[in-house]
Amino acid sequence: SSDVCSSDLEMTISPTDKRYEVSAGDTISDSFIILNSGEVPFNFTTYAAPYSVTNSAYNSSYEDAPRADAYKWVQIPKVDWSADVRETVKVPFTIKVSKTASPGGHYGIIFAEQQPTEEPDTTGIARKKRLGMIIYITVKGDVVKAGSVGSVDIAPYQSQAPLTAKIRFDNSGNVDYLAKAQMTVTTLFGQRVHSSQTEAVVLPEKPRDVTMEWGNVSWVGAYKVRVATEVFGTQTITERFVVVAPVWLLILIAVVLVFGLTNL
C-alpha cells in the first residue's frame, strides 16, 4: 500500500489562459508554469485538446467543434514531465497557425495531467488531477466584433437569498469578447448595501448566461437593483425594484387580509 495522500499532491498551473493575435501562418513560441506546491513529487503529462462550450451556462467541452481547432496548431516538445517538491516546471510550447486559418477566433486548451502515484481508492480507480490553460487565438483579417446584451432578468419578487440578477450576453461576431457587468443594490432610501462586478468571455455564436448574486440579503426587505452591462464599450443600465420575502409570509398576509375583509 501507499502512504501518499491525495491531499499531499498539490499542482498549480499558471497562467490559466493565454491570448494571441496573429496572422495565418504565424509561429508563436511561449511557455506556462506547473508548480508543485505539495509535499510529494509527482509526474505529469501534457497535451492539447479542443476547447468549446456546450450551453449558455458555459459548461466546458473538449471535443471537436467549430472554431475549437487551435489545439491542432500546438506542439509541445515532450509528453512526460516530473515535478519535485516545491519545484516550478517551465513547459515550453509552439503554436504554428495554419496558413489556411479563417479570420476570427480559434480556441484550444493545453492540459497538464497529474499521473497517479497512490494506490487505487475503494473504487479501484487511481485518481488523476488535470488542469488546463485555455488558448484564445484571434487570426487577423475579416474579424467581426459584434455582441449585445440579450436580456437582463431581475425578478421583482424573490422569496429567499441570494438576490439574483440574470444576464444573457450574445455574440453574433466571429471572435470572442470580454463582457462586463456590475450589480448595485440600494435601499428604497438610496443607501447602498451591495455592489459587485464580474467579467465573462463570450465566444462566437455562443450566448452566455451570467448570474450575479447578493447572498447577505435580509429575509424580508425592499430594494432597488441596478445592473450596468458593458459590451464593446457600450453600457446598458437596467433598474428594478425587488421585494424579498418568504412565501409563507405572503400567505400569512393574504390570510390576514381575507380574514379582515370578511369581518368588515
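Things to note:
- Condition met for V91 (buried (at least 16 other Cβ atoms within 10 Å of the Cβ) and either over 12 Å from V22 (Cβ atoms) or of a type outside the set (D, E, K, R) (or both)): yes
- All told, A24 falls short of being farther than 30 Å from T211 by Cα, surrounded by 15 or more Cβ atoms within 10 Å (Cβ to Cβ) and among the small types (G, A, S).
Residues checked against (1) hydrophobic (A, V, I, L, M, F, W, C); (2) closer than 26 Å to I109 by Cα:
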| residue | (1), (2) |
| --- | --- |
| G147 | no, yes |
| A161 | yes, no |
| F169 | yes, yes |
| S172 | no, yes |
| K180 | no, yes |
| S196 | no, no |
| E230 | no, no |
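- Of the residues making up the stretch 201-243, those that are part of a strand (DSSP E or B), closer than 30 Å to K18 by Cα and open to solvent by less than 70 Å² (accessible area, probe 1.4 Å) are V201, V202, R208, D209, V210, M212, V227, A228, T229, E230, V231, T236.
- Within the stretch 27-41, considering residues that are open to solvent by less than 40 Å² (accessible area, probe 1.4 Å) and touching a helix residue (DSSP H, G or I) at 6+ places or on another chain (Cβ under 7 Å), the one farthest from I135 (Cα to Cα): V40
- Residue tally, condition open to solvent by 90 Å² or more (accessible area, probe 1.4 Å) and without any contact (Cβ under 8 Å) to a residue 40 or more places away in the chain, over the stretch 76-88: 3
- All positions within the stretch 133-162 that are assigned to a strand (DSSP E or B) and open to solvent by 50 Å² or more (accessible area, probe 1.4 Å): S148, S151, D153, Y157
- Qualifying positions in the stretch 45-66 - in a loop (DSSP other than H, G, I, E, B), within 14 Å of I135 (Cα to Cα) and open to solvent by less than 70 Å² (accessible area, probe 1.4 Å): Y51
- Qualifying residue in the stretch 140-148 (condition: farther than 30 Å from Y71 by Cβ and of a type outside the set (G, A, S)): no
- Taking each residue of the stretch 134-157 that is over 19 Å from T234 (Cα atoms) and modelled with pLDDT of 95 or more and looking for partners that are of a type in the set (S, T, N, Q) and part of a strand (DSSP E or B) with beta-carbon atoms closer than 7 Å, six or more apart or interchain, yields I154/T238.
- Cβ pairs under 7 Å, 6+ apart, first in the stretch 160-185 and of a type in the set (S, T, Y), second not in a strand (DSSP E or B): S172/A146; Y177/K145; Y177/F232
- Sole residue being in contact with a Lys or Arg (Cβ under 7 Å, 6 or more places away or on another chain) and either among the polar types (S, T, N, Q) or under 21 Å from G190 (Cα atoms) (or both), chosen from T238, T211: T211
- Some residue of the stretch 158-165 being under 18 Å from the mean Cα position of the chain (by Cα), within 30 Å of D69 (Cβ to Cβ) and among the β-branched types (V, I, T): no
- Search result, residues across the stretch 205-264 that are on the phi > 0 side of the Ramachandran plot and not small (G, A, S): E205, F232
- Filtered residues of the stretch 244-258 (kept if closer than 22 Å to T187 by Cα and either exposed (fewer than 10 other Cβ atoms within 10 Å of the Cβ) or in contact with a Leu (Cβ under 7 Å, 6 or more places away or on another chain) (or both)): V244
The values are calculated or read from the model by the stated rules, or taken from the named source; none is laboratory data. This one's a predicted model, so the numbers in the text were calculated from it and none came from an experiment. Cβ atoms come from the backbone with ideal geometry, glycine included; neighbour counts cover every protein chain shown. Accessible surface is based on the protein model in full, side chains and every heavy atom, while ligands, DNA and RNA are left aside. Shrake-Rupley method; radii C 1.70, N 1.55, O 1.52, S 1.80 Å.
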